Amino acid sequence: MEFNMQQKEAIAHNKGAMLVLAGPGSGKTTVIIHRVKYLIEIYHVSPKKILVITYTKAAATEMQERFLQLGVAGGEGVMFATFHSIFFRILRRAYGYQLQQLIQEEEKWSLFKKWVTEAEIETNDQEEYIKDLLSELSLMKNELIPLKQYQPVNFSQELFRYFVKKYEQYKAVQNKIDFDDMLTQCYDYLTTEEAGRAYWQSRFEYILLDEFQDINQAQNACTKLLAQPQNNIFAVGDDDQSIYCFRGARPEFLLQFPKKYENAKKIVLPVNYRSTERIIKLSEKIISHNQNRFEKHMHGQGQEGRKIVFFTERNAFEEAEKISQKLASLRQKGIAYEQMAVIYRTNLQGGVFTRALTEKGIPFVLKDKSMNVYRHWITKDLTAYLLLAEQPENDSAFRRIVNKPKRYISKELLKKGENLPYPFYRGLFLLPELKKYQSQALEELKMHLLQIKRKKPAEALKYIRKTVGYDAYLMEYARFRKASLQGYLELAEEITQFANAAEDTEAFLQKLSEMDQQMQSHNLQPQNKMQGVTLSTMHSAKGLEFEVVFIPSIIQGVIPHEKNSTQQGLEEERRLFYVAVTRAKSRLYLSEITKRYDKDAQRSCFLKELGLK
């Protein structure tokens, strides 16, 4: 096998620390497995003394299979593992842990669901609430921050501590641990148990780390302890592809590597074997505006390639229509749908593409399964207004929206209304406890429902959002939940635009149901059995490659996203854009829109950096 000069140098590295900066398509896996081969065959290192760590079980298995194909004598003795599997192995030897003591994600989820329900937490989406809660808990552990010092982002400190303490008590009583405990307990063990630390340090004399830019504080601290005192640590990664800040990964760990390990060598793998020169040059231009990075100069194999296509559409829906037409056209030219991808910034953007591709009969694969906009609570709220306008006796629809926006109709009033022989819509007016301001609010709701009934679905939804005040309610709820208002508005806008094609409520609800079923069937199918155009967020696209890539809605507020407005946040957004661009092998399409939420969109600062003024 042919290697370039830098690959050869990395493969031949023997003792001491080395940082290998491996840009997109530079053959990092090849370098890792051939370095292991070199250690065994040339430096006569025992295979059992070598540990290769990567992030997922699938990646570790694939790397091991590729290594075994090299036919190295005794090669099966090399350990290929994830961080969690090696840390669990350490804890099992230290404390005798068994696999049945490990809390699975389903058990963890059901526990928090039970506790959130018991605490009577008011939330529109309990799943979203629990997901945020578990993410914060995981981040706290990954950062090795004690509970007393952790400042939660999405919750009050009191509430967060209540749930965490409840969970820790449960684990103590049941004698169980979870995946995050593997990291924290392993760190505690390696820092306090000298004999145990010495055993594992001698057990693995050579440690190779894949995807080093994704390492978090706990993983970084544990591997640093394991590598001592020889420090034969071989870290492979790319600071320009560090995009998991929300999980505790930061490029700083990679950037500080040469300072943390004395006499550490650093090498850049500069050849991108994936993309054309034009795509590589564009990606270099994007990432060069980041200050907090190692400078690199990537180049391809001399193939200039096609010009990058840039176009502008009026809004996200016309943009999705244009992209779906282009996908169909490229298919006719002989490019398989499986070789094409649409890579967007947020999960919410996926909805508009699933609809556009479904309408054109284009098969697709959803990389992110969590977001089904057609059954989101905002969609249910908006459709409840439409249903109530058509069916005033629909008590479940009434209950859903009576305080969205706030009309001060208490739970007690609703409970009393249940005992009356009339629908809420009429019955509440008969209650002597009903105050004048509450009665006025209900009368106003009645008037709004009459107006809604007269309008077509899209106009009715605009009326609900602007005149009735549903958007204002979303603003209040986003503030209460410390969530992204723009994310909520984007979802409401998608459903509003989706309603444009329906003449009446019945047709709209039917269309909504069809799209919901389509999304559900996609979510239930195993991804390895699905085929078609890949629809993916930038985060989920990392590690993938396609002949053709479309990156839509490159506007201020989307790319870069509005939630990352600090200098540090902006650099992460630029890295995300860089990752998306470098997924493309031969054809790249960039697009922007001029309107967002019926307002003028602002051109992305990233496009300005590329010279598009």
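Condition first: modelled with pLDDT of 95 or more and under 16 Å from residue 84 (Cβ atoms). Can you find one or more residues in segment 225-235 that meet it? Within segment 225-235 (the criterion being modelled with pLDDT of 95 or more and under 16 Å from residue 84 (Cβ atoms)), the answer is yes, since at least one residue qualifies. Going by what's in this entry, would residue 117 be described as in contact (Cβ under 8 Å) with a residue 24 or more places away in the chain, of a type in the set (S, T, N, Q) and either part of a helix (DSSP H, G or I) or farther than 30 Å from residue 200 by Cβ (or both)? No, not satisfied. Of the residues that make up segment 453-472, is at least one open to solvent by 20 Å² or more (accessible area, probe 1.4 Å), more than 20 Å from residue 376 (Cα to Cα) and touching a residue at least 40 places away in the same chain (Cβ under 8 Å)? Yes - at least one qualifying residue is present in segment 453-472.
Only residues that are aliphatic (A, V, I, L, M) and within 28 Å of residue 179 (Cα to Cα) were counted in segment 37-75, giving 8.
Quick one: would you say residue 268 is touching a strand residue (DSSP E or B) at 6+ places or on another chain (Cβ under 8 Å) and either part of a helix (DSSP H, G or I) or touching a residue at least 12 places away in the same chain (Cβ under 8 Å) (or both)?
yes
In this structure, does residue 460 turn out to be within 19 Å of residue 384 (Cα to Cα) and assigned to a helix (DSSP H, G or I)? For residue 460, the condition - within 19 Å of residue 384 (Cα to Cα) and assigned to a helix (DSSP H, G or I) - is met.
Consider segment 33-56 and keep the residues that are closer than 13 Å to residue 211 by Cα and in contact with a helix residue (DSSP H, G or I) (Cβ under 7 Å, 6 or more places away or on another chain). The one that is most open to solvent (accessible area, probe 1.4 Å) is 55.
Count of segment 161-209 residues, restricted to those that are within 30 Å of residue 45 (Cα to Cα) and assigned to a strand (DSSP E or B), is 4.
Of 140, 182, all but one fail to be in contact with a His (Cβ under 8 Å, 6 or more places away or on another chain) and not β-branched (Val, Ile, Thr); the exception is 182.
The C-beta contact set for segment 151-172 (first residue within 20 Å of residue 484 (Cα to Cα), second residue open to solvent by less than 80 Å² (accessible area, probe 1.4 Å) and part of a loop (DSSP other than H, G, I, E, B), distance under 7 angstrom, 6+ apart or interchain) comprises 160/152.
Filtering segment 83-132 to residues that are open to solvent by 20 Å² or more (accessible area, probe 1.4 Å) and within 30 Å of residue 42 (Cα to Cα) leaves 85, 89.
The residues listed here are 410, 396; of these, the one that is open to solvent by 50 Å² or more (accessible area, probe 1.4 Å) and either over 30 Å from residue 456 (Cβ atoms) or without any contact (Cβ under 8 Å) to a residue 40 or more places away in the chain (or both) is 396. Checking each residue in segment 254-271 for being open to solvent by 20 Å² or more (accessible area, probe 1.4 Å), on the phi < 0 side of the Ramachandran plot and of a type outside the set (D, E, K, R) picks out 255, 256, 258, 264, 268. Residue count for segment 236-265 satisfying the condition of being part of a loop (DSSP other than H, G, I, E, B) and of a type in the set (Phe, Trp, Tyr): 2.
When 374, 385, 425 are screened for being in contact with a Pro (Cβ under 8 Å, 6 or more places away or on another chain) and not acidic (Asp, Glu), only 425 passes.
Could you check segment 473-517 and list, in sequence order, the residues that are open to solvent by 60 Å² or more (accessible area, probe 1.4 Å), modelled with pLDDT of 90 or more and farther than 17 Å from residue 406 by Cβ? Passing the criteria: 503, 504, 506, 510. Which members of segment 561-613 meet the condition of being modelled with pLDDT of 90 or more, closer than 18 Å to residue 317 by Cα and surrounded by 18 or more Cβ atoms within 10 Å (Cβ to Cβ)? Result: 589, 590, 591, 592, 593, 601.
Out of 110, 85, report the one residue that is without any contact (Cβ under 8 Å) to a residue 12 or more places away in the chain, hydroxyl-bearing (Ser, Thr, Tyr) and out of contact with any helix residue (DSSP H, G or I) (no Cβ under 7 Å at 6 or more places or on another chain). Even if it seems obvious, please write down each step before you answer.
Details: 85 fails: without any contact (Cβ under 8 Å) to a residue 12 or more places away in the chain.
Of the residues listed, the single one that is without any contact (Cβ under 8 Å) to a residue 12 or more places away in the chain, hydroxyl-bearing (Ser, Thr, Tyr) and out of contact with any helix residue (DSSP H, G or I) (no Cβ under 7 Å at 6 or more places or on another chain) is 110.
Every test in (1) modelled with pLDDT of 95 or more; (2) among the aliphatic types (A, V, I, L, M); (3) not in a helix (DSSP H, G or I) is passed by residue 452 save one, and that test is (3). If you filter segment 210-232 down to residues that are farther than 20 Å from residue 35 by Cβ and assigned to a loop (DSSP other than H, G, I, E, B), you find that the one that is most open to solvent (accessible area, probe 1.4 Å) is 229. On the basis of being of a type in the set (Phe, Trp, Tyr), within 23 Å of residue 587 (Cα to Cα) and part of a helix (DSSP H, G or I), does residue 398 make the cut? No; evaluated as a whole, the condition is false for this residue. Each residue in segment 1-32 was checked for being open to solvent by 50 Å² or more (accessible area, probe 1.4 Å) and either of a type in the set (Asp, Glu) or in contact with a helix residue (DSSP H, G or I) (Cβ under 7 Å, 6 or more places away or on another chain) (or both), and 2 of them qualify. Screening the candidates 43, 38 for the property of being over 30 Å from residue 136 (Cα atoms), over 35 Å from the mean Cα position of the chain (by Cα), free of Cβ contacts under 8 Å to residues at least 40 places away in the same chain and in a helix (DSSP H, G or I) yields one hit, 38. When segment 233-248 is filtered for residues that are polar (S, T, N, Q) and open to solvent by less than 10 Å² (accessible area, probe 1.4 Å), only 242 remains.
The values are calculated or read from the model by the stated rules, or taken from the named source; none is laboratory data. Keep in mind that what you see is a predicted model, and the values were worked out from it rather than measured. Don't worry about glycine lacking a Cβ; one is built from the backbone with ideal geometry, like all the others, and counts go over all protein chains shown. These accessible areas exclude ligands, DNA and RNA; they are computed on the full protein's heavy atoms, side chains included. Shrake-Rupley method; radii C 1.70, N 1.55, O 1.52, S 1.80 Å.
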